[in-house]
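The values are calculated or read from the model by the stated rules, or taken from the named source; none is laboratory data. Keep in mind that what you see is a predicted model, and the values were worked out from it rather than measured. Using ideal geometry, Cβ is built from the backbone for each residue, glycine included, and neighbour counts are taken over all protein chains shown.
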Amino acid sequence: MIRDKIVSLIASGILQVGDELPSERELATMLVVSRETVRGAVQRLAAEGIVQVSQGARTRVASVNVEVGAQRIGVTNPTSINGYSLEAVHAARLLVETEVVADATKHLSDDDIQRLEDSIAAQQLACNDPVRFLICDREFHLTIYYACQNRLLADFVVDLYTYMLDHRRIAMGQPGAIEKSLEDHRFIVRALKMRNPDAVSAAFSEHILRIHDTSLAVDERGGSTVTRALPRSVTDSNKESA
């Protein structure tokens, strides 16, 4: 399972050849598993030639020729979604993802909420590292998606999330980008703790819009970010009561 999660990080473009893997302790915190579990997964990946383990140095990604195992996450191969346009994926996320997270709101357990809060703590520690932040970001989103009772829709939303993650690596390196995303995540968790599907859906709409705009800016090679206002009636009322 953890081996496949790390492979998915490589296949999606979050981790690339030459990248250092976070330490065992960091990965254990990010993926909410034991260090022994992480160590076993890394040893298996090293035996497969996917990562390179060197004594006295950080483990590095050695190959992107990976095969996701039986624990595949999503419907298609991680990069298949990249064949679609940014606008098509953005529209799909607004249409489908907001419904998935609204349903997830009704089914997230207290343990899931704690996992999300722990993820935010890990994200804070990764504020100066876009790659580490995106590893945490992915776990944060997947925890919510898979609380949805429709596994097919959850898998489809994972595919949408995976869109152009190599661009998001660049986008997250822009000044203030990680901090803004982290604030979105805090607001999402507040809405989830209130068990308010409308507030969660609205919070995700704004988060998805931010992702669209930062991705567009990267695609335009540093062009200005598109500014659009979404209705905030639901979110504003919940901010006041939070």
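Overview of values
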quantity: Test: Gly56 is outside the structural domain of His141 (by TED's automatic domain parsing) and modelled with pLDDT of 90 or more; calculated: no
quantity: Search result, residues across the range 157-183 that are buried (at least 18 other Cβ atoms within 10 Å of the Cβ) and of a type in the set (Asp, Glu); calculated: Asp159
quantity: Number of the exception - Tyr163 against (1) more than 27 Å from Val61 (Cα to Cα); (2) outside any helix (DSSP H, G or I); calculated: (1)
quantity: Cys148, sole failed condition from (1) at pLDDT 95 or above; (2) in a helix (DSSP H, G or I); calculated: (2)
quantity: All positions within the range 123-139 that are closer than 22 Å to Leu86 by Cα and surrounded by fewer than 22 Cβ atoms within 10 Å (Cβ to Cβ); calculated: Pro130, Val131
